[in-house]
Amino acid sequence: MPFPEWPGQALAAAALLAGLLLLDAIRRADWQAPMGQHLYWASATALLWAARHMTVTLPGGLTLQYMGAAWLTLLLGYPRAVVSMALVFGAEALAGDDPMLAAAPSLLLLGILPAWLIWQVATQCRRRLPANLFVFLLGVGFLGLFATYALSLLLAAGLTALIGGPSAPAYWETMLPYALLLATGETWLEGMMTTLLVVFAPGAVRLFDERFYLSRPPQG
């Protein structure tokens, strides 16, 4: 993403909004949870950080990498996922050549936004659709994940095109189609892994309400 080419004011606004959302997530995270949950949280964050090191370089030097924010939210819940994404993007910024401020749009649009979107998808599916296991597996674990990633990428591309920068046309013409294609493959992989976890270890998927989706219907 050509976010470092954003004007200073746009970077500052993104940093402010991302910081406020991160503080809210820190406040809402369950820090009094058992040690096992914290170890699971740390392990999932470390795996995401490692997965994001797998990159694809496109012609012109643009790179694609694993997103993972929405799936991490399925596993950890919205507040913990936001904290984890902040740590991951912060570590990437420290390891790279770009200033820390340039990581703010990435955190906001490719970290916090997909986390919030998939959280809303899971919440609305539970409220408005039948208590059927396949509603979660297909509606959230496949369609929801893809819609979340696609909307986040399209919004990031739209803002980049509006704000400008020499790499903006290349993003629209080269990176965005490949990014959506990569998001499709990522969705299938994460959807299958979600299905396996829901079947064999439902407690590992925090946004999966086991009591709601697996409860027996009342006897007539």
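The values are calculated or read from the model by the stated rules, or taken from the named source; none is laboratory data. Please read all numbers here as calculations on a predicted model, not as lab measurements. Cβ placement follows ideal geometry from the backbone for every residue including glycine, while neighbour counts extend to all protein chains displayed. Quick note on the areas: whole protein, heavy atoms, side chains included, nothing else; ligands and nucleic acids left out. Shrake-Rupley method; radii C 1.70, N 1.55, O 1.52, S 1.80 Å.
Maximal additional length on extending the residue 38-residue 128 stretch stands at 29.2 nm, based on 0.36 nm per residue less the C-alpha distance.
Report, in deg cm²/dmol and to the nearest 500, the calculated mean residue ellipticity at 222 nm for the chain, where each DSSP H run with n ≥ 4 adds -39500 (n - 2.57) and the sum is divided by the residue count. All intermediate terms of the calculation are to be shown ahead of the outcome.
Values: 9 runs with 133 residues, N = 220.
The per-residue figure over the chain is -19500 deg cm²/dmol.
Which one, 49, 199, 71, projects farthest toward the positive side of the charge dipole computed for the chain from Cβ point charges (K/R +1, D/E -1)? Sorting the options by dipole projection puts first 199. Per atom type, the chain shows carbon and sulfur on 69% of its accessible surface, probed at 1.4 Å. A dipole drawn for the chain from +1 and -1 charges on Cβ atoms has a positive end, and of 102, 158, 114 the residue lying farthest that way is 114. Given their separation in residues at 0.36 nm each and the Cα-Cα distance between them, residue 24 and residue 192 gain 57.4 nm when the chain is fully extended. With the simple model of a label 7 Å out from the Cα in the direction of the Cβ, residue 135 to residue 49 spans 3.8 nm.
Compute the Rg to Rh ratio over the chain from the alpha carbon atoms, using the Kirkwood formula for Rh, and round to two decimal places.
Dividing the radius of gyration by the Kirkwood radius yields 0.99.
Against the chain, whose longest principal axis comes from its Cα atoms, helix 35-51 is set at around 40 degrees.
Charge dipole (Cα centre; +1 on Lys/Arg Cβ, -1 on Asp/Glu Cβ; no other charges) of the chain amounts to roughly 840 debye.
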